[in-house]
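Asker: Pasting in a structure now, in structure tokens, and then I'll have a few things to ask.
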Amino acid sequence: AQSVTQPDIHITVSEGASLELRCNYSYGATPYLFWYVQSPGQGLQLLLKYFSGDTLVQGIKGFEAEFKRSQSSFNLRKPSVHWSDAAEYFCAVGAPNSGYALNFGKGTSLLVTP
Amino acid sequence: SAVISQKPSRDICQRGTSLTIQCQVDSQVTMMFWYRQQPGQSLTLIATANQGSEATYESGFVIDKFPISRPNLTFSTLTVSNMSPEDSSIYLCSVVQGGAGYTFGSGTRLTVV
């Protein structure tokens, strides 16, 4: 069955430290891959997306993600976290053979400490 | 990319009643999706609503509870029927347009009392 896994429910990092949020998927072919961020009481904001091509994708707010086919992963990274990055992060996956609907991971809650 | 107008943005409803949520898209799109986000949870796909065909529901969601209308390529409605407090959630519509990717409505925050 197709699935999206975000292994870390909560992550705490110090402001200025680097960040990596993990996302693994199980799909039959190379899917479309997304990272969204949601602040409390707010809507979804797209950070970045991967459809094809260069496996290192640059997004907004200094985020990047790397698609690794061999590991079925699409991990999100940021070299230096700001307090304003505290939010819920969702990895989402879609594919033609699943009708293009996005399948969301359960999310990772990021806490940034001073 | 498409722009979606979703209404209402929020509502407080009595249990046992129904609420219809509307999504209007500024361009024609074939595929539209409806999601639910329960408090503190991730997004879960309710159904896919493609124009010209019956909506396809995911496991755990049924047409009697969540009837969907898709009369044309720019509009869709989701009705939450016979509501209970467990239906309190954010409901979102979404469309996909080839290389433009996915667009989400701003969501409807529903509270059932």
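Asker: Expected output is a single nm value to one decimal: the length gained when fully extending between residue A:20 and residue A:61, i.e. 0.36 nm times separation in residues minus the C-alpha distance. What is it?
Answerer: 13.3 nm
Asker: May I ask you to work out the translational diffusion coefficient for chain B at 20 °C, viscosity 1.002 mPa s, via Stokes-Einstein with Rh from the Kirkwood sum over Cα pairs, reported in whole µm²/s?
Answerer: Estimated diffusion coefficient is 154 µm²/s.
Asker: Here's something else I'd like to know. Return the ratio Rg/(2.2 N^0.38 Å) for the range A:26-74, where Rg is computed over Cα atoms only.
Answerer: Ratio of Rg to 2.2 N^0.38 Å for the range A:26-74: 1.24.
Asker: Using the basic label-point model (7 angstrom from Cα toward the beta carbon), what is the residue B:28 to residue B:3 distance in nanometres?
Answerer: Placing both labels 7 Å along Cα→Cβ, they lie 2.0 nm apart.
Asker: Another question about this same structure. Check the straight Cα-Cα distances from residue A:68 and name the aspartates and glutamates below 17 Å, setting aside those fewer than 8 residues away within the same chain.
Answerer: In chain and number order, the partners are A:20, A:54.
Asker: In nm, to one decimal, how far is the modelled label at residue A:2 from the one at residue A:29, with both set 7 Å along Cα→Cβ?
Answerer: Result for the modelled spin labels: 1.1 nm.
Asker: Regarding the range B:1-53, what is the average projected area of its C-alpha convex hull, in nm²?
Answerer: Its Cα hull, projected and averaged over all orientations, spans 5.2 nm².
Asker: In Å and whole numbers, how far do the C-alpha atoms of chain A stretch along each principal axis, longest first?
Answerer: 44, 29, 21
Asker: Compute the convex hull volume of the Cα atoms of the protein assembly as shown, divide it by the residue count, and report the result per residue in Å³ as a whole number.
Answerer: 121 Å³
Asker: With only Lys, Arg, Asp and Glu charged, each at its Cβ (+1 for the first two, -1 for the last two), find how big the charge dipole of chain A is about the Cα centre; round to the nearest 20 debye.
Answerer: That gives a dipole near 220 debye.
Asker: Taking chain B as a whole, which cysteines find no other cysteine Cβ under 4.7 angstrom from their Cβ?
Answerer: Cysteines lacking a close Cβ partner in chain B: B:13.
Asker: Please state the relative contact order of chain A as a whole percent: Cα pairs under 8 Å, 6+ residues apart?
Answerer: 36 percent
Asker: Turning to a different aspect of this structure: Which net charge results for the neighbourhood of residue A:38, defined as the other residues with beta-carbon distances under 15 angstrom from its beta-carbon, given Lys and Arg at +1 and Asp and Glu at -1?
Answerer: +2
Asker: Still on this model: Could you pull out the pairs from A:49/B:7; B:7/B:65; A:49/A:78; A:49/B:65 whose alpha carbons sit more than 24 Å apart here?
Answerer: A:49/B:7; A:49/B:65
A short reminder: the numbers here are calculations on the coordinates, not readings from a lab. Everything numeric in this text was worked out from a predicted model, so none of it was measured. Positions of Cβ are backbone-derived with ideal geometry, glycine not excepted, and every protein chain shown enters the neighbour counts.
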